[in-house]
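Novice: The structure under discussion is supplied below as structure tokens; questions concerning it will follow.
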Amino acid sequence: MLARHPGRGGIRRFLTGPKGCEITGITCTPDGRILFVNVQHPSDGSTWPNIDGETRPRSALIAITRADAAASEVDHQEG
């Protein structure tokens with residue numbers, strides 16, 4: 001997943017998923033502090049999200065949080 005800062009511009013890699021997956025369903029809370037990302041269909045060669053390798057790959061929902069003031073800065077620049 002690539003992301004662009006609305007105030008500074010420039011594009012950076014923000015997120016990568018496990019082998020063979022689809023990154024879908026991206027949304028965030030109104031205050032911009034939590035980003036929700038769905039990871040669907042990781043390939044059979046992956047054990048994600050289980051790190052012990054004992055289970056089959058499966059889809060998951062990830063919540064990415066931020067605690068700094070930058071989230072409110074984005075709101076002010078867009079509004």
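Novice: Fewest first, what order do D52, D31 take by the number of other Cβ atoms within 10 Å?
Specialist: Numbers: D52 6, D31 10.
By the 10 Å Cβ count, ascending, the order reads D52, D31.
Novice: If you don't mind, there's one more thing I want to ask. Under 12 Å from the Cβ of P42, count the other residues' Cβ atoms, weight Lys and Arg +1, Asp and Glu -1, and hand me the total.
Specialist: Around P42, the charge tally is +1.
Novice: Quick one: which residues, 5 or more positions from C21 or on another chain, have an amide H under 5 Å from its amide H? H modelled 1.01 Å from N in the peptide plane, none for Pro or chain starts.
Specialist: S43
Novice: Another question, then. Return S59, S43 ranked ascending by Cβ neighbour count within 10 Å, so the fewest neighbours appear first.
Specialist: Taking fewest neighbouring Cβ atoms as first place, the list is S43, S59.
Novice: Something else now. For a quick check: sort L15, L61 by the number of other beta carbons within 10 angstrom, fewest at the front.
Specialist: Going from sparsest to densest Cβ surroundings: L61, L15.
Values in this text are rule-based calculations from the coordinates and carry no lab data. These figures come from a predicted structure and were not determined experimentally. With ideal geometry, Cβ positions are generated from the backbone for all residues, glycine too; neighbour counts draw on all protein chains shown.
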